[in-house]
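Student: Structure provided below as structure tokens; questions to follow.
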Amino acid sequence: MSAHVVTSLGSVARPLGSLAAALGRWPESRALFAEALEHAQTLRSPVLRALGELDQARALRAHPRAGERREAERLLESVEKASLSLELSALLARARALR
């Protein structure tokens, strides 16, 4: 009997979204994070969704517009809720460290 294990670290769009944000390419960053979150939804993975939201929140904290920085706070709230629900203490700590 053999078993196959498949793992996924999520969409490559997630780190590319962070890179685009670091380069100040905000529209591209938003599109890439949307793609990563859609991928997480397709996989039905709340963990990948929370990781994507955390990375997007981190990126948006550096955004020049206040409205986008407020969006980061909303995303952090979502990550905290998911972390508590999924009992992911390390992810919860990462989200709270960004506050």
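Just so it is clear, none of the values below were taken in a lab; they were calculated from the coordinates. A quick note: this is a predicted structure, and the numbers were derived from the prediction, not measured. Don't worry about glycine lacking a Cβ; one is built from the backbone with ideal geometry, like all the others, and counts go over all protein chains shown.
Student: Can you tell which of 34, 9, 66 lies farthest toward the positive end of the dipole of the chain, using +1 and -1 charges on the Cβ of basic and acidic side chains (Lys, Arg; Asp, Glu)?
Tutor: It is 66, whose Cα lies furthest towards the positive end.
Student: Run the quick spin-label model on residue 93 and residue 47: label points 7 Å from Cα toward the beta carbon, then report their separation in nm to one decimal.
Tutor: Between residue 93 and residue 47, the label points sit 1.7 nm apart.
Student: Moving to a separate point now. How far is it, in nm, from the label point at residue 81 to the one at residue 66 when both lie 7 Å from their Cα along the line to the Cβ?
Tutor: Once both label points are built, they end up 2.5 nm from each other.
Student: Using alpha-carbon pairs under 8 Å, 6+ residues apart, how would you state the relative contact order of the chain in percent?
Tutor: 21
Student: Let me ask something additional. From the P(r) of the chain, can you give the percent of Cα pairs sitting at distances over 25 Å?
Tutor: Percentage above 25 Å: 18.
Student: Taking the highest mean first, how do the peptides 6-17, 70-81 order by number of other beta carbon atoms within 10 angstrom per residue?
Tutor: Averaged packing, sorted descending, gives the order 70-81, 6-17.
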